[in-house]
Amino acid sequence: MIQDDCNFSRRRMIRSLFSGSILMPAVISQLLANDGRAAELGPDNPLAPKQPHFPAKAKHVIFIYLPGGCSHVDSFDYKPRLIDDAKNGRLYQGKRKLGLPLWEFKPRGKSGIYTSDLFPHIGEAIDDICVINSLRNDHNDHFQATLGIHTGSVTFKRPSIGSWVSYGLGTENQNLPSFVALAPQLPYTGAQVWDSDFLPAAHQGTRVVAGEEPVPNLNRRSPSPKIQEDELSLLERFNRRHLKTRQADPQLEGRIKSYETAFGMQQAMPEVLDLSKETDATLKLYGLESGQTTGFGWQAIVARRMVERGVRFIELIDVGASKNWDAHGDMKTHEPLARNIDKPIAGLIRDLKSRGLLDQTLVVWTTEFGRSPTQEGEYGRGHFANAFSSWLAGGGVKGGMVYGKTDDYGMKVAENECHIHDFHATILHLLGLDHTRLTFRHGGRDYRLTDVHGNVVKAILA
């Protein structure tokens, strides 16, 4: 048996092995091969593909998140009375100054849905999109609202929606993570956005960033074969002894599985991130130039490539916790942010559709809340969680429709409120998962993404 002081020494030793120049996946892959566990986790393999509760419309999710709060009344929620009253200087309820939307709204597509010039390219793809103009979050601060849109809870840490999907369905490609976050910067709440929390550790999202090293420590860095051999021998001995004392330790099994996946990533991930075989026409669709390895267009095309290779859930985050969509001072800051993502997102929808992948891929576009129809300062808008817009495309959703309605000013939900629990329940439903049955026992109770709430929005299902 390993005593406590030996356990401490083990932890300290493994930290020293992995904190230097040694590549963890290379070490663990050989350890697992020697240990015979790389392919023998069997029913304990947390990432093994699982059958959904019922036939699914979608197999994959691309979840596009805009940190800071994109204004609904400047993008997808057309409010003629707000525009007219703001132009004429009328006050909301005789007290507050209304903010005039800065971008013109026009009917677009065969469906004639009004969208603004803030997102002209997305507007051209509106016939494939279901706009939800009645979303509601439970908190008006960034940190809590970000937790809400990702985890369903605005008060406590909970597993991310991507982790829940990974837990419920596993993944089709064991050489790539089931849940990937393409995030050049950390958003509000940091890595909690893709954290698995109390779910098995293997379901945590893997962060990928643009640049020279998209995934840290993916390249082999062992100082010499002899040193690596000695370290492997020591590490294998410690892990064998430790595993024997923790046969039912899900964290340890999850960690072993994550190391196995990391080794597979050494082979698979570089190929996913290599865009050299993409045609010039495809790169142009995303607003990319040949050889470009940064920008939201790069994130979007990599997301499509991950879908092709069986990755279950991919989150795209355009900016971080600063210089984002939080337009308190000047709504004009929305314009360059929108320009950065508009063409790539529209290109992603078209590309998925042309390859026959849109029907099986649910594209989600959301932010943590909207912005106030009333004016903040001279040119800005404040946080607004009472009503805001998001949209879905592909994956079993009706295109060219609008669900839900706010009042004449975009202040309150007037018809068909869609709470974040309903939003999450619907996403899970499209993946063939019953949100009331997707549970995990923790702390003496069964938890789920939607807590004890949520209804599937059946009106938007194709």
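Among the listed residues Gly377, Gly399, Gly395, identify the single one that is at positive phi, of a type outside the set (A, V, I, L, M, F, W, C) and crowded, with 19+ Cβ neighbours inside 10 Å.
Within the list Gly377, Gly399, Gly395, the selection yields Gly395.
From the residues in the range 345-364 that are of a type in the set (A, V, I, L, M) and part of a helix (DSSP H, G or I), which one is surrounded by the most Cβ atoms within 10 Å (Cβ to Cβ)?
Taking the range 345-364 as the starting set, the residues that turn out to be of a type in the set (A, V, I, L, M) are 345-346, 348-349, 352, 357-358, 362-364.
With the extra rule that they be part of a helix (DSSP H, G or I), the set shrinks to 345-346, 348-349, 352, 358.
Numbers: Ile345: 25, Ala346: 24, Leu348: 30, Ile349: 26, Leu352: 25, Leu358: 22.
Filtering first and then ranking leaves Leu348.
With (1) buried (at least 24 other Cβ atoms within 10 Å of the Cβ); (2) out of contact with any helix residue (DSSP H, G or I) (no Cβ under 6 Å at 6 or more places or on another chain) as the list, and Ala300 as the residue in question, which single condition is left unmet?
It fails just one condition, (2).
Please work out if Thr367 is over 24 Å from Pro101 (Cβ atoms) and surrounded by 21 or more Cβ atoms within 10 Å (Cβ to Cβ).
No; evaluated as a whole, the condition is false for this residue.
Just one of the numbered conditions (1) surrounded by fewer than 19 Cβ atoms within 10 Å (Cβ to Cβ); (2) of a type in the set (Gly, Ala, Ser); (3) farther than 23 Å from Ala125 by Cα is not true of Ser372; which one?
It is condition (1) that Ser372 fails.
Name the residues in the range 243-294 that are modelled with pLDDT of 95 or more, assigned to a loop (DSSP other than H, G, I, E, B) and not hydrophobic (A, V, I, L, M, F, W, C), would you?
Glu278, Thr279, Tyr286, Gly287
Pick from the range 78-94 the residues that are in a loop (DSSP other than H, G, I, E, B) and touching a Pro at 6+ places or on another chain (Cβ under 9 Å): which of them is surrounded by the fewest Cβ atoms within 10 Å (Cβ to Cβ)? Talk me through it step by step, then tell me what you get.
If we filter the range 78-94 for residues that are in a loop (DSSP other than H, G, I, E, B), which is where we start, we get 78-79, 88-90, 93-94.
Applying the additional criterion that residues be touching a Pro at 6+ places or on another chain (Cβ under 9 Å) yields 78-79.
On the way: Tyr78: 20, Lys79: 24.
In this case the residue turns out to be Tyr78.
Considering every residue within the range 186-201, establish whether at least one is at pLDDT 95 or above and in a strand (DSSP E or B).
no
Among the residues of the range 419-433, is any within 20 Å of Val193 (Cα to Cα) and among the aromatic types (Phe, Trp, Tyr)?
Yes - at least one qualifying residue is present in the range 419-433.
Answer yes if at least one residue in the range 141-151 is in contact with a His (Cβ under 8 Å, 6 or more places away or on another chain), closer than 27 Å to Thr293 by Cβ and either of a type in the set (Val, Ile, Thr) or surrounded by 20 or more Cβ atoms within 10 Å (Cβ to Cβ) (or both), and no otherwise.
No, because not a single residue in the range 141-151 is in contact with a His (Cβ under 8 Å, 6 or more places away or on another chain), closer than 27 Å to Thr293 by Cβ and either of a type in the set (Val, Ile, Thr) or surrounded by 20 or more Cβ atoms within 10 Å (Cβ to Cβ) (or both).
Can you say whether Phe179 is modelled with pLDDT under 95 and aromatic (Phe, Trp, Tyr), as far as the supplied structure shows?
no
Looking at this structure, is Ala459 outside any loop (DSSP other than H, G, I, E, B) and either out of contact with any His (no Cβ under 9 Å at 6 or more places or on another chain) or of a type in the set (Phe, Trp, Tyr) (or both)?
Spelling it out, Ala459 is indeed outside any loop (DSSP other than H, G, I, E, B) and either out of contact with any His (no Cβ under 9 Å at 6 or more places or on another chain) or of a type in the set (Phe, Trp, Tyr) (or both).
Can you tell me which residues in the range 125-145 are farther than 23 Å from Met331 by Cα and either modelled with pLDDT under 95 or acidic (Asp, Glu) (or both)?
Selection gives Asp127, Asp128, Asp138.
Can you name every residue in the range 95-115 that is crowded, with 18+ Cβ neighbours inside 10 Å and of a type in the set (S, T, N, Q)?
Thr115
The values are calculated or read from the model by the stated rules, or taken from the named source; none is laboratory data. Quantities reported herein were computed from a predicted structural model and do not represent experimental measurements. Glycine gets a Cβ as well: all are built from the backbone with ideal geometry, and neighbour counts include every protein chain shown.
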